[in-house]
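Following: one structure in structure tokens, then a few remarks.
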Amino acid sequence: MPGYVPTNAASSGVKLDKKTLKSIAARSDRPGLIYIAQWLTFLAATGTLVWATLGTLWMWPAMLLHGIFLTVPAYSFSHETAHGTAFRSRWLNEAVLWVTSLLYMEEPLHRRYTHTNHHTHTWWVGKDSQMPFDTPMGFGGWLAEITGTALLRFHMQVFLHLAAGRYTSTMKMVTPEREFSKMTRNARIMLLIYALIAAAPFFGIWWVVWFLVIPRILGAPVMLLFTLIQHVELQENSPSILESTRSFRSNWLAEFLYMKMNNHVEHHLYPQVPFHALPKLAEAVQDQLPAPDPGFFKTNLEVMSVVLRRSLGRPTKAATIRQAPHMITEGGPVERIAQRTM
Amino acid sequence: MSQWIDACATDDIDEEDLIAWEHEGKSYAIYNTEKGFFASDLMCTHEEQSLEDGLVIDCVIECPLHGGRFDICTGKALSAPVHQDLKTYPVRVESGRVFVETG
């Protein structure tokens, strides 16, 4: 056995018989290929809206809409392929990981290995390399997180470190040594692509700005509102995923954009289950899990209200979402538990 | 000294699946794949995680902890984080029984 207790179903006391788990976790190319077709169809539709409104004020809401459909699925697909669960065919999985990580703006293998570490030590201070904000969260941390500035800064630093072959202690901790040369190559190619995109307007090529750059910037906050509620206000340093992680209810559109990761507790319990099978997994283990929190909007509004009250020194008990006991106070100074690691 | 041991019935392992099997204090994985039956050490060479709950895809076993993959037929480590090959054992099937050559 490993010299630590990985955070998963076993450490959370959740049980599922092997036959059921294996049938749920079965891999197929079909759902991922259907997802790509649907995603491209949405992008064609929202891209057409941008094209039709260029030069008018309407281009801004059109670019926001296009940005949401560009950015959120890019994040979701990059995450799913980092797990290797999006497709049965490995080459397809790795190709989509590369392209969607380019859109998400993180070197693909750095994404994979820091995320593997996040699953092994979910929300453990000093061990989890994907804690994207200080806890307990205040309003300043919330703003830095949801605008995307903090994440973009971190990912750019990672790109530069990797491209220069200067590997940080975190990278060395989570990454097999033989992978570094591939990561350096990837980082250099991706930085070159970003540089070409940045230079394009100087050569009169503006479509990348309207269809890619501005939509990517506008879509980032929506992507980050999805990821924010995965663990915020929940328990650090717990072996139980049920205490550290949140699932929330969802409609078909949010489920599509987020590739069903609203079932986030279930995903952390059994990360080998592919996105399309998460509702089936949720059904199989629902009697052992806390009820999911309200939907995307309500959960995010509640989080925003709590962090604002925390920063103002007021009581922080939320009315509708789960919180770790220490997150609920009557106000006053906040004792920091965790410092962001990304 | 190597010896052929009667490990299980062929029906004991679903298609595209594996079972854990113990013999003389040592743990083995026995696989039923599209290419036939195979055996290997049970523990992943990366961090000593049991492969019992891993996924068999074609002739590949994927570790349930970090997703490291091994070729079941040869034990070859296919993708990081695993780099060290998995030890495999000869298998033969006779009259509906799976025999593993241990040693």
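Would you be so kind as to identify which of A:F202, B:I13, A:V213 lies farthest towards the positive end of the dipole of the protein assembly as shown, taking Lys and Arg as +1 and Asp and Glu as -1 on Cβ and the Cα centre as origin?
Towards the positive end, the residue furthest out is A:F202.
Expressed as a rounded percentage, what relative contact order does the range B:3-102 have, with Cα pairs under 8 Å and six or more residues apart?
Numbers: 227 pairs, mean separation 28.5, N = 100.
Dividing the mean separation by the residue count of the range B:3-102 yields 28 percent.
Return the equivalent ellipsoid semi-axes of the range A:27-288 as a descending list in whole Å, where each equals the square root of 5 times an eigenvalue of the C-alpha gyration tensor. Please report the intermediate quantities before stating the final value.
Values: eigenvalues 159, 107, 74 Å².
Sorted largest first and rounded, they come to 28, 23, 19 Å.
In debye, nearest 20: dipole of the range A:91-215 around its Cα centre with unit charges on the Cβ of K, R (+) and D, E (-)? Before the final figure, lay out the partial values.
Details: 10 positive and 8 negative charges, 69 e Å.
For this selection, approximately 340 debye.
Which one, A:S169, A:A10, A:L191, projects farthest toward the positive side of the charge dipole computed for the protein assembly as shown from Cβ point charges (K/R +1, D/E -1)?
The one lying farthest along the dipole's positive direction is A:L191.
Given Cβ point charges of +1 (Lys, Arg) and -1 (Asp, Glu) and nothing else, what value in debye, to the nearest 20, does the dipole of the range A:1-99 about its Cα centre take? Could the numbers behind the result be given before it?
Values: 8 positive and 4 negative charges, 101 e Å.
For the range A:1-99, the charge dipole is close to 480 debye.
Could I get the Rg over Rh figure for the protein assembly as shown? Both from C-alpha atoms, Rh via Kirkwood, rounded to two places. The partial results should precede the final answer.
Values: Rg = 23.5 Å, Rh = 23.5 Å.
Ratio of gyration radius to Kirkwood radius: 1.00.
For B:R97, which sequence-distant residues (separation of 5 or more, or a different chain) have an amide H within less than 5 Å of its own amide H, given hydrogens modelled in the peptide plane?
Amide H neighbours of B:R97, under 5 Å, 5+ apart: B:T10.
Answer with one residue from A:A318, A:L281, A:T20: the one whose Cα lies farthest towards the positive end of the charge dipole of chain A, charges on Cβ with Lys, Arg +1 and Asp, Glu -1.
A:T20
Roughly how large, in nm² to one decimal, is the mean projection of the convex hull of the alpha-carbon atoms in the range A:1-156? Don't skip to the answer; put the middle values down first.
On the way: hull surface 50.3 nm².
If you wrap the Cα atoms of the range A:1-156 in a convex hull and average its projections, you get 12.6 nm².
Could you pull the Cα extents of the range A:187-342 along its three principal axes, largest to smallest, in whole Å?
Computed over the Cα atoms, the extents are 56, 42, 29 Å.
Rounded to a whole number, what is D in µm²/s for chain B from Stokes-Einstein with the Kirkwood radius over alpha-carbon pairs (10 °C, 1.306 mPa s)? Don't skip to the answer; put the middle values down first.
Details: Rh = 13.4 Å.
In µm²/s, the coefficient is 119.
Report the charge-dipole magnitude of the range B:3-102 in Debye, nearest 20, computed about the Cα centre from +1 at each Lys and Arg Cβ and -1 at each Asp and Glu Cβ.
Numbers: 7 positive and 21 negative charges, 81 e Å.
Dipole magnitude for the range B:3-102 comes out near 400 debye.
What are the DSSP H helices in chain A that stretch 30 Å or more along their long axis, judged by alpha-carbon atoms, and whose average Kyte-Doolittle hydropathy comes to at least 0.0? All intermediate terms of the calculation are to be shown ahead of the outcome.
Working: long enough: A:30-53 (35 Å, 0.92); A:59-83 (36 Å, 0.52).
Passing helices, by number: A:30-53, A:59-83.
Using Cα pairs closer than 8 Å and at least 6 residues apart in sequence, work out the relative contact order for chain A, in percent. The partial results should precede the final answer.
Working: 516 pairs, mean separation 88.6, N = 342.
Averaging sequence separation for qualifying contacts and normalising by length gives 26 percent for chain A.
What Kirkwood hydrodynamic radius do you get for the range A:196-262 when you take the inverse of the mean 1/r over all pairs of distinct Cα atoms, in Å? Walk me through the intermediate numbers first.
Values: mean 1/r = 0.0679 Å⁻¹.
Computed over Cα pairs of the range A:196-262, the Kirkwood hydrodynamic radius comes out at 14.7 Å.
Hey, any idea what Rg/Rh is for the range A:18-96, computing Rh the Kirkwood way over Cα pairs? Intermediate results must be reported in sequence, preceding the final value.
Details: Rg = 16.5 Å, Rh = 14.3 Å.
That ratio equals 1.15.
Separation of the range A:294-342 and the range A:30-92 by C-alpha centroid, Å?
Between the Cα centres of the range A:294-342 and the range A:30-92 lies a distance of 32 Å.
Coordinate-derived values only; no laboratory data. Not measured: the values here are computed from a predicted model. With ideal geometry, Cβ positions are generated from the backbone for all residues, glycine too; neighbour counts draw on all protein chains shown.
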